[in-house]
Amino acid sequence: MAKLTLLGAINNALDQQLEKDKNVVVYGEDAGFEGGVFRVTKGLQKKHGKDRVFDTPISEAAILGSAVGMAANGLRPIPEIQFSGFMFPGYNQIAVHIARMRNRSRGKYPMPIVVRMPYGGGVRALEHHSESLETLFAHIPGLKLVIPATPYDAKGLLTAAIKDNDPVIYFEPKKIYRAFKQEVPEEEYEVPIGKARIVKEGSDLTVVSWGAMLHETQKAIKDLGDDYSIELIDLRTIAPMDTKTVIESVKKTGRFMVVHEAVKTLGIGSELISRVNEGAFFHLEAQPTRVTAPDITVPLPKGEHHHIVDAKRIAHEIKKLAHFE
Amino acid sequence: MLFDHYDPLKKEMFGVLDKDGKITNKDFEPDIDDDTLVHMYKTMVLARIADVKALQYQRQGRMLTFAPVQGQEACQIGPMAASAKSDWLVPAFREAAAMLYKGVSLKQAYLYWFGNERGSRYDDDVNVMPINVPIGSQVNHAAGIAYAAKLKKSGEAVITYIGDGGTSHGEFHEGVNFGAVYSVPMVTIIQNNQYAISTPRELATKAKTLAQKASSYGIPGIQVDGNDVLAMYEATKVALERAKNGDGPTLIEAVTYRLGPHTTSDDPSIYRKETEVEEWREKDPITRFKKYLSNRKLWNKDKEEKLQEETKKFVTNTFKEVEKTGQYGVDDVYDYNYETMPDDLKAQKEAYLAYLKESEGE
């Protein structure tokens with residue numbers, strides 16, 4: 001066991017899989033020599049060589065399109081997109097090829113690709129460095145989308161993603177890259193894709209969140225004290241969604257809230273509420289609640305606090321939902 | 001080296017066969033054994049007949065819209081004949097002739113245009129990627145396949161195709177550049193068939209030739225008579241040797257002409273003159289190659305008649321087989337997006353099957 005940050009746990013998982021499987025390659029803009037702009041891949045090129053851990057031209061379509069070819073020819077590529085807001089020139093490859101090649105070739109060319117990208121706000125960055133674009137991936141059949149909120153899950157989910165024979169989009173909540181440390185086992189382990197985690201059991205209200213927002217929600221719950229019995233679920237995998245865990249919880253509590261960083265309309269919260277309605281309609285005691293960013297472009301840092309919800313806002317909304325009669 | 005003799009900036013085009021099938025460039029006539037020459041010719045004829053028949057089937061409403069290959073057989077068969085079995089083909093969507101030569105069966109090729117993904121499930125030992133519809137994106141796949149080949153030291157090289165229109169796309173630039181940076185074993189063949197649907201080549205780029213774009217990536221580029229199967233063979237052979245020696249990618253511009261429409265939904269008479277088409281018919285790649293084979297006593301009228309008759313029968317029977325076996329079940333719809341079907345999708349499939357059962361007779 002070692003105490004690692006979320007960033008350190010990702011580095012550890014990459015290092016371990018590069019070591020164990022010679023078909024794994026890690027690459028992206030500045031991902032080789034300097035170890036990425038956040039240093040997630042630091043030290044990996046030195047250890048595993050320039051052919052398996054490498055820098056690329058600033059070409060998102062080539063970074064993701066080449067992954068299609070590498071996967072078709074037996075590699076397990078792990079391309080990095082420097083910031084999720086810059087993935088759009090490569091989105092074509094994700095949506096039209098990475099997600100479809102298994103289906104198109106009737107299974108001849110599966111796509112064991114993990115696309116890593118830092119996402120989310122709260123780091124006082126320039127435009128295009130703060131988006132939460134879950135919906136753009138969860139809406140595409142053929143893709144899986146995971147988001148760790150802890151170092152333990154970061155390593156376990158990434159390991160599972162690398163071993164998965166289908167493409168996985170791996171969002172890294174950059175705000176909490178180095179926020180805290182956690183004991184992370186040295187040995188290989190997997191956190192199963194498609195399984196949510198009940199962070200805290202409770203009986204009055206269910207809150208679902210993920211990524212950096214999970215920690216804001218935890219803070220809100222802590223601030224509220226013992227007056228409220230809240231069940232907190234870390235969704236961990238956005239697609240395929242663990243509907244069962246969420247439904248079982250809402251059946252117990254009768255109240256449902258989703259907290260996410262992404263904008264409201266057609267955010268993952270919309271899908272969660274639809275599923276709650278389908279699966280626990282007669283158990284609901286209040287209308288389901290979405291606590292999200294408004295439907296506007298992420299502002300520059302001076303205005304970001306009006307966009308991202310924080311613990312105070314979450315606590316406020318929890319109280320309203322808990323008291324609804 | 002071949003590429004040093006033809007400067008794309010001066011519009012120097014490489015060719016070895018004239019219109020009458022005579023060798024005009026003895027220095028670069030490829031050394032191909034007789035059996036291979038005949039096999040190349042037969043595959044060109046198969047592709048042509050399959051194309052003509054498919055056009056009929058499509059007009060009869062028995063096949064989907066498709067992209068005819070007529071006129072471009074030489075720039076596909078030459079390169080494929082120059083490649084090894086283990087070399088990869090990464091097609092765009094008008095490479096039926098190349099695919100047939102590389103081991104995709106006519107049944108599979110037809111099944112795809114019939115509307116069934118099973119037509120893209122080629123045999124395991126056939127290194128061909130499925131037909132790629134989004135323009136230009138296949139070049140990046142080729143770069144990745146070639147990167148993997150280099151890393152694994154597999155000895156494979158990759159040939160990818162793109163059209164003249166596709167070279168305007170950012171993915172063409174990114175893919176060729178990516179391949180060049182890492183010196184991967186990759187050959188990019190631009191089939192310059194003069195039109196991107198209706199848009200003429202002059203509106204794709206201000207560059208004099210498409211081959212000259214190679215110089216900006218630091219790789220060799222050559223313009224080749226794309227209706228000359230021997231020249232296409234030779235240029236590709238040299239490019240593949242470079243690729244396998246670790247010298248990196250090559251860009252080949254094949255100057256050719258699409259004799260048919262862009263797809264069966266297109267009416268080319270709107271944007272090009274029949275006299276232009278007639279000029280290119282005179283340069284038909286199959287006729288030229290047939291004359292060459294006849295001059296070498298490898299081909300004659302009797303053989304031609306027999307081949308035409310047998311091929312037509314084969315093509316007709318293959319399509320009948322496709323019509324009989326190409327139907328689609330519910331499993332075919334649901335079972336291929338994931339290795340293991342997620343629970344949500346299982347529930348959706350079950351709900352649909354239940355609906356089918358409940359609604360029987362409605």
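List of remarks:
- Among the residues examined, B:Gly170 qualifies as within 14 Å of chain A (Cβ to nearest Cβ), open to solvent by 10 Å² or more (accessible area, probe 1.4 Å) and within 30 Å of B:Ile270 (Cβ to Cβ).
- Considering segment B:134-157, and only residues there that are at the interface with chain A (Cβ under 8 Å from one of its Cβ atoms) and aliphatic (A, V, I, L, M), the residue that is farthest from A:His97 (Cα to Cα) turns out to be B:Leu151.
- Screening A:Gly65 against (1) touching a His at 6+ places or on another chain (Cβ under 7 Å); (2) at the interface with chain B (Cβ under 7 Å from one of its Cβ atoms); (3) open to solvent by 20 Å² or more (accessible area, probe 1.4 Å) leaves a single unmet condition, (3).
- Test result for A:Tyr177, over 18 Å from the mean Cα position of the chain (by Cα), closer than 20 Å to A:Pro151 by Cβ and not hydrophobic (A, V, I, L, M, F, W, C): no
- Number of the condition not met by B:Ser86 [criteria: (1) part of a strand (DSSP E or B); (2) among the hydroxyl-bearing types (Ser, Thr, Tyr); (3) open to solvent by 20 Å² or more (accessible area, probe 1.4 Å)]: (1)
- Residue match in segment A:140-160 (condition: within 14 Å of chain B (Cβ to nearest Cβ) and in a helix (DSSP H, G or I)): yes
- For segment B:42-59, taking the residues that are among the polar types (S, T, N, Q) and over 18 Å from the mean Cα position of the chain (by Cα), the one that is most open to solvent (accessible area, probe 1.4 Å) is identified as B:Gln56.
- Which listed residue is free of Cβ contacts under 8 Å to residues at least 24 places away in the same chain and under 27 Å from the mean Cα position of the chain (by Cα), from B:Lys291, B:Lys349, B:Lys357, B:Lys313: B:Lys313
- Check on B:Asp284, farther than 21 Å from B:Ile23 by Cα and surrounded by fewer than 24 Cβ atoms within 10 Å (Cβ to Cβ): no
- Checked against (1) surrounded by 24 or more Cβ atoms within 10 Å (Cβ to Cβ); (2) of a type in the set (A, V, I, L, M, F, W, C); (3) under 21 Å from A:Lys175 (Cβ atoms), A:Leu126 passes all but condition (1).
- When we screen A:Val258, A:Val276 for residues that are modelled with pLDDT of 95 or more, buried (at least 23 other Cβ atoms within 10 Å of the Cβ) and farther than 16 Å from A:Glu134 by Cα, the only hit is A:Val276.
- Checking each residue in segment A:7-64 for being without any contact (Cβ under 8 Å) to a residue 40 or more places away in the chain and β-branched (Val, Ile, Thr) picks out A:Thr41, A:Val53, A:Thr56, A:Ile58, A:Ile63.
- Members of segment A:42-62 that are surrounded by fewer than 24 Cβ atoms within 10 Å (Cβ to Cβ), closer than 20 Å to A:Gly8 by Cα and in contact with a strand residue (DSSP E or B) (Cβ under 6 Å, 6 or more places away or on another chain): A:Leu44, A:Gln45, A:Arg52, A:Phe54
- Taken over segment B:173-195, the residue count meeting the criterion of being within 11 Å of another protein chain (Cβ to nearest Cβ), crowded, with 24+ Cβ neighbours inside 10 Å and not aliphatic (A, V, I, L, M) is 4.
- Unique residue being within 10 Å of another protein chain (Cβ to nearest Cβ), touching a residue at least 40 places away in the same chain (Cβ under 8 Å), open to solvent by 10 Å² or more (accessible area, probe 1.4 Å) and on the phi < 0 side of the Ramachandran plot when the list is A:Ala95, A:Ala72, A:Ala2: A:Ala95
- Test: B:Gln72 is buried (at least 24 other Cβ atoms within 10 Å of the Cβ), outside any helix (DSSP H, G or I) and touching a residue at least 12 places away in the same chain (Cβ under 8 Å): yes
- Number of the condition not met by B:Glu253 [criteria: (1) within 22 Å of the chain's Cα centre (by Cα); (2) open to solvent by 10 Å² or more (accessible area, probe 1.4 Å); (3) in contact (Cβ under 8 Å) with a residue 60 or more places away in the chain]: (2)
- Residues that are farther than 10 Å from B:Lys107 by Cβ, in a loop (DSSP other than H, G, I, E, B) and open to solvent by less than 50 Å² (accessible area, probe 1.4 Å) within segment B:310-342 comprise B:Gly329, B:Asn337, B:Tyr338, B:Met341, B:Pro342, listed in sequence order.
- Listed conditions (1) outside any strand (DSSP E or B); (2) surrounded by 19 or more Cβ atoms within 10 Å (Cβ to Cβ); (3) among the aliphatic types (A, V, I, L, M) are all met by A:Val115, apart from (1).
- Residue match in segment B:122-130 (condition: of a type outside the set (D, E, K, R), over 18 Å from B:Val187 (Cα atoms) and away from chain A (no Cβ under 13 Å)): no
- Count of segment B:111-145 residues, restricted to those that are open to solvent by 10 Å² or more (accessible area, probe 1.4 Å) and not hydrophobic (A, V, I, L, M, F, W, C), is 10.
- Just one of the listed residues (B:Tyr195, B:Tyr122, B:Tyr112) is closer than 24 Å to B:Ala82 by Cα, among the aromatic types (Phe, Trp, Tyr) and not assigned by TED's automatic domain parsing to the domain that holds B:Asp335, namely B:Tyr122.
- In segment B:343-362, the residues that are open to solvent by 80 Å² or more (accessible area, probe 1.4 Å) and more than 11 Å from every other protein chain (Cβ to nearest Cβ): B:Glu350, B:Tyr352, B:Tyr355, B:Lys357, B:Glu358, B:Glu360, B:Gly361, B:Glu362
- Of all residues in segment B:116-133, those that are charged (D, E, K, R) and in a loop (DSSP other than H, G, I, E, B) total 4.
The values are calculated or read from the model by the stated rules, or taken from the named source; none is laboratory data. The shown structure was predicted, so the numbers you read here are calculated from the model rather than taken from an experiment. When we count neighbours, we look across all protein chains shown, and the Cβ atoms used for this are built from the backbone with ideal geometry, even at glycine. Each accessible area value is taken on the protein alone, full model and side chains, heavy atoms only, with ligands, DNA and RNA left out. Shrake-Rupley method; radii C 1.70, N 1.55, O 1.52, S 1.80 Å.
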